[in-house]
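These notes are about the structure you will find just below.
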Amino acid sequence: MYIGRFVVVGPKVGAYRVSSRSFPNRKVTRRDDDTLTVVPTADAEETDNPYVSYNCARAAGEGAVVGNGSHVDPVAEKYDRGYPARDALVEALHAMDYEKDDYDTPRVAGVIEQDAGYVGIVRRDALLVREVDEPHLVATYEENEPRAFEFEPRTAVAAARTAYGLDYEHAVCAAGVHVGDGGSSFAVQNTSEE
């Protein structure tokens with residue numbers, strides 16, 4: 001099944017995966033210790049599509065933010081300024097709305113904290129944000145309402161690898177996040193061999 005780009009969000013651990021039929025030549029890069037960015041690979045065709053490159057994971061506030069587009073930055077900025085995680089998600093998703101592309105692609109996002117997770121989606125017909133105490137998945141297609149999801153990783157590396165390996169079609173790359181006493185840690189999975 002093809003569900004597009006998705007996040008898995010829970011307390012302590014989360015992940016984001018790019019699944020794409022249209023733009024498969026992308027990878028996640030580490031910009032610095034606190035930010036992961038989706039960018040085209042060297043062999044990608046040039047495009048002026050504004051939805052191809054964006055920050056997909058950022059340390060912020062008491063945790064980390066993950067998501068499928070440029071809304072990750074305003075969620076992180078609001079969360080850093082002291083907004084509760086739920087409010088940061090609601091305000092940024094509401095303000096940026098779904099992607100204005102040919103598919104009205106939803107925006108998905110989450111905030112991972114040590115003791116809680118917050119997951120959200122804005123689609124053409126709804127804005128949903130939930131606090132969760134166990135991992136939840138939400139995707140741009142098919143799985144476009146947050147639902148409980150079995151996700152066992154305990155580290156950022158395991159979260160990235162597990163998300164990349166999930167049995168959904170057209171995996172491109174993934175990012176994993178872990179939030180612990182020492183702050184947020186991040187990991188990248190660009191191919192099944194890495």
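Check whether at least one residue in region 79-95 is outside any loop (DSSP other than H, G, I, E, B), over 14 Å from the mean Cα position of the chain (by Cα) and basic (Lys, Arg), and report yes or no. So far as region 79-95 goes, yes, one or more of its residues are outside any loop (DSSP other than H, G, I, E, B), over 14 Å from the mean Cα position of the chain (by Cα) and basic (Lys, Arg). All of ASP80, ASP43, ASP48 fail the test of being touching a Gly at 6+ places or on another chain (Cβ under 8 Å) and open to solvent by 60 Å² or more (accessible area, probe 1.4 Å), apart from ASP80.
Looking at region 149-194, which of its residues are part of a helix (DSSP H, G or I), in contact with a Pro (Cβ under 8 Å, 6 or more places away or on another chain) and either buried (at least 22 other Cβ atoms within 10 Å of the Cβ) or touching a residue at least 60 places away in the same chain (Cβ under 8 Å) (or both)? If the condition is that a residue be part of a helix (DSSP H, G or I), in contact with a Pro (Cβ under 8 Å, 6 or more places away or on another chain) and either buried (at least 22 other Cβ atoms within 10 Å of the Cβ) or touching a residue at least 60 places away in the same chain (Cβ under 8 Å) (or both), then ALA159, THR162 are the ones that fit. Quick check on VAL138: is it touching a helix residue (DSSP H, G or I) at 6+ places or on another chain (Cβ under 6 Å), under 22 Å from SER19 (Cα atoms), open to solvent by less than 30 Å² (accessible area, probe 1.4 Å) and assigned to a strand (DSSP E or B)? No, not satisfied.
Being closer than 23 Å to ALA76 by Cβ, at pLDDT 95 or above and part of a loop (DSSP other than H, G, I, E, B): is that true of ASP104 here? No, not satisfied.
Considering only region 141-158, how many residues are in contact with a helix residue (DSSP H, G or I) (Cβ under 8 Å, 6 or more places away or on another chain) and either among the hydroxyl-bearing types (Ser, Thr, Tyr) or closer than 20 Å to GLY183 by Cβ (or both)? Break it down into steps so the answer makes sense when it comes.
From region 141-158, those in contact with a helix residue (DSSP H, G or I) (Cβ under 8 Å, 6 or more places away or on another chain) are 151-153; that's our starting set.
Applying the additional criterion that residues be either among the hydroxyl-bearing types (Ser, Thr, Tyr) or closer than 20 Å to GLY183 by Cβ (or both) yields 153.
Counting residues in region 141-158 that are in contact with a helix residue (DSSP H, G or I) (Cβ under 8 Å, 6 or more places away or on another chain) and either among the hydroxyl-bearing types (Ser, Thr, Tyr) or closer than 20 Å to GLY183 by Cβ (or both) gives 1.
The values are calculated or read from the model by the stated rules, or taken from the named source; none is laboratory data. Given the structure is predicted, the values throughout are model-derived calculations rather than measurements. Quick reminder, even Gly has a Cβ in these numbers, built from the backbone with ideal geometry, and neighbours come from all protein chains shown. For the accessible areas, the whole protein counts, side chains as well, though only heavy atoms, and no ligand, DNA or RNA atoms are used. Shrake-Rupley method; radii C 1.70, N 1.55, O 1.52, S 1.80 Å.
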